[in-house]
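Below is one structure, written out as structure tokens; the observations come after it.
The values are calculated or read from the model by the stated rules, or taken from the named source; none is laboratory data. Just so you know, these numbers come straight off a predicted model, no measurement behind them. Neighbour counts are summed over all protein chains in view; Cβ atoms, including those assigned to glycine, are modelled from backbone coordinates with ideal geometry. Remember, those area values only see protein heavy atoms, side chains included, never the ligands or the DNA or RNA. Shrake-Rupley method; radii C 1.70, N 1.55, O 1.52, S 1.80 Å.
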Amino acid sequence: MKAKQIPLSQIINDCGDFLHLRALNEIRGSDPNIERSDIGIPSLSMVGLGPPPPRGQIQLLGKQELTYLEGLSLEDCTKAVENISKLDVPCVILTSAEKLSGKLVDVFSASPAPVMTSDLSMSQVFQYLSSYLEVELAPETTINGTLVDVYGVGILLRGPSGIGKSECALDLVERGHRLVADDAVKTIGKPPGILIGRSVAPLQNYVEVRGIGLIDIGSIYGIRALRRQKRIEIEVNLTPWDETKLQDRSGLETRKAEILGISIPSVAVPLVPGKSISVIVEVIALSHTLKSYGYDATAELDRRWLERIKTKARTSFEPRDTE
Amino acid sequence: MGLYMIERDVKIINKLGLHLRAAAALVQTASGFASDIHLRKDDMEVDAKSIMGVLGLEAGQGTHLKVIASGSDEEDAVRAIVGLIEAKFNEEE
């Protein structure tokens with residue numbers, strides 16, 4: 001997979017209004033690309049002590065840096081700005097910069113890298129921008145599967161084509177859950193270990209059901225049945241029933257699936273005629289929630305059993321409750 | 001999954017590209033084979049037996065695709081799909 005990068009113009013488009021960004025100079029040459037999701041605060045590079053900022057990384061200056069630059073002579077100030085505003089720096093953002101002196105405006109406007117100002121504080125710009133960049137630059141793939149939000153848990157239904165993933169999603173929507181994407185799930189891996197899925201743009205809200213064709217879940221069930229994107233928490237693998245294959249009968253072992261190098265729990269559900277998959281998926285979602293609250297039913301049963309063996313307890317009926 | 005896997009490049013040449021009717025024809029053709037068949041466009045790979053996946057490629061006229069198949073009838077599967085695309089899905093334009 002090739003490394004992702006985003007053009008500066010896209011960031012200005014997406015975050016410009018929210019971050020109150022204003023350009024100090026024109027972009028020279030082509031639209032620069034941002035290649036890194038981390039953001040640099042180049043105080044050391046500015047005074048000539050550290051290495052120059054890495055290629056493709058946005059640089060932020062805050063109140064402290066600007067006050068320092070303000071105190072320098074014009075010559076020193078120009079030199080300090082030259083240290084950080086190299087050609088391969090895609091953008092320098094001056095934060096807490098509601099009022100800039102004429103000297104700073106002149107020096108920064110002359111810089112080869114694009115410079116923008118914002119009246120917001122450095123930490124505000126930093127937080128918003130880094131979470132934006134993390135999502136935009138995250139590795140991406142398309143998964144063959146169906147993503148549903150069941151009781152707030154993102155469940156990715158997988159299995160060979162024709163096994164009934166879409167039908168299961170439809171049944172879940174009927175029971176009040178929400179569809180995210182059918183059959184093709186666009187997935188990003190957000191560091192350090194979160195998978196987020198959404199549908200491929202033109203297919204949003206549609207489900208393909210064999211025998212009917214494509215149906216628009218939005219117009220049949222309304223907004224209640226839809227969700228734009230969802231964290232993928234569990235993979236449910238629908239498999240054909242195979243008498244000879246060993247099924248997990250205790251639930252003590254948790255299998256894992258790996259997507260984009262991120263591991264999530266995986267449950268294999270063998271199919272038999274007459275079995276309600278949607279109810280099983282609901283139980284998987286609820287038991288996942290229970291586990292994340294710290295209660296593991298299987299482990300608890302195992303513990304209780306061992307306890308009773310140790311104390312040699314007997315199972316006896318209640319003498320009064322015999323009806 | 002077969003032992004081998006074959007790939008072939010193909011260009012979408014019909015005017016409307018992989019629109020709904022063309023996608024349906026492709027999925028129908030693919031579903032007639034036992035092999036695992038995928039279509040790849042840039043970084044995106046989808047199951048050729050899924051109409052949602054194929055539509056999701058957003059492959060208009062001029063798009064380059066890779067047809068990837070593995071299984072017992074992979075040769076025939078790739079030939080049939082490439083043939084269908086090159087025959088402009090047997091549609092009138």
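Among the residues of segment A:154-170, the ones that are basic (Lys, Arg), open to solvent by 50 Å² or more (accessible area, probe 1.4 Å) and at the interface with chain B (Cβ under 10 Å from one of its Cβ atoms) come to 0 in all. Residues that are within 12 Å of another protein chain (Cβ to nearest Cβ), touching a Leu at 6+ places or on another chain (Cβ under 6 Å) and open to solvent by 10 Å² or more (accessible area, probe 1.4 Å) do not occur anywhere in segment A:171-182.
Residues in segment B:33-50: is at least one touching a helix residue (DSSP H, G or I) at 6+ places or on another chain (Cβ under 7 Å), more than 14 Å from chain A (Cβ to nearest Cβ) and closer than 28 Å to A:GLY211 by Cβ? Among the residues of segment B:33-50, not one is touching a helix residue (DSSP H, G or I) at 6+ places or on another chain (Cβ under 7 Å), more than 14 Å from chain A (Cβ to nearest Cβ) and closer than 28 Å to A:GLY211 by Cβ, which makes the answer no. In segment A:192-242, of all residues being open to solvent by 80 Å² or more (accessible area, probe 1.4 Å) and of a type in the set (A, V, I, L, M), the one that is farthest from the other protein chains (Cβ to nearest Cβ) corresponds to A:ILE223.
The residues of segment A:31-52 that are assigned to a loop (DSSP other than H, G, I, E, B) and under 26 Å from A:CYS15 (Cβ atoms), listed by number, are A:ASP31, A:PRO32, A:GLU35, A:ARG36, A:SER37, A:ASP38, A:ILE39, A:ILE41, A:PRO42, A:PRO52.
The combined condition, being in contact (Cβ under 8 Å) with a residue 60 or more places away in the chain, β-branched (Val, Ile, Thr), surrounded by fewer than 24 Cβ atoms within 10 Å (Cβ to Cβ) and away from chain B (no Cβ under 14 Å), is not fulfilled by A:VAL150. Among the residues of segment A:81-112, those that are farther than 30 Å from A:GLY261 by Cβ, crowded, with 23+ Cβ neighbours inside 10 Å and touching a residue at least 40 places away in the same chain (Cβ under 8 Å) comprise A:ILE84, A:ILE93, A:LEU94, A:PHE108.
Among the residues of segment B:51-64, the ones that are more than 10 Å from chain A (Cβ to nearest Cβ) and surrounded by fewer than 20 Cβ atoms within 10 Å (Cβ to Cβ) come to 5 in all. Only one of the numbered conditions (1) surrounded by 13 or more Cβ atoms within 10 Å (Cβ to Cβ); (2) touching a strand residue (DSSP E or B) at 6+ places or on another chain (Cβ under 7 Å) is not met by B:ASP9, and that is (1). Is it true that A:SER96 is at positive phi and at pLDDT 90 or above? In short, yes.
Considering (1) touching a Phe, Trp or Tyr at 6+ places or on another chain (Cβ under 9 Å); (2) within 11 Å of chain B (Cβ to nearest Cβ), the lone condition that A:GLY145 does not fulfil carries the number (1). Here A:LEU19 does not qualify as farther than 21 Å from A:ASP76 by Cβ, of a type outside the set (Phe, Trp, Tyr) and in contact with a Cys (Cβ under 6 Å, 6 or more places away or on another chain). With (1) modelled with pLDDT under 90; (2) loosely packed, with under 15 Cβ neighbours inside 10 Å; (3) not in a helix (DSSP H, G or I) as the list, and A:PRO270 as the residue in question, which single condition is left unmet? Among (1) modelled with pLDDT under 90; (2) loosely packed, with under 15 Cβ neighbours inside 10 Å; (3) not in a helix (DSSP H, G or I), A:PRO270 violates only (2). Out of curiosity, is A:ILE6 away from chain B (no Cβ under 14 Å), modelled with pLDDT of 90 or more and within 25 Å of A:GLU134 (Cβ to Cβ)? It is true that A:ILE6 is away from chain B (no Cβ under 14 Å), modelled with pLDDT of 90 or more and within 25 Å of A:GLU134 (Cβ to Cβ).
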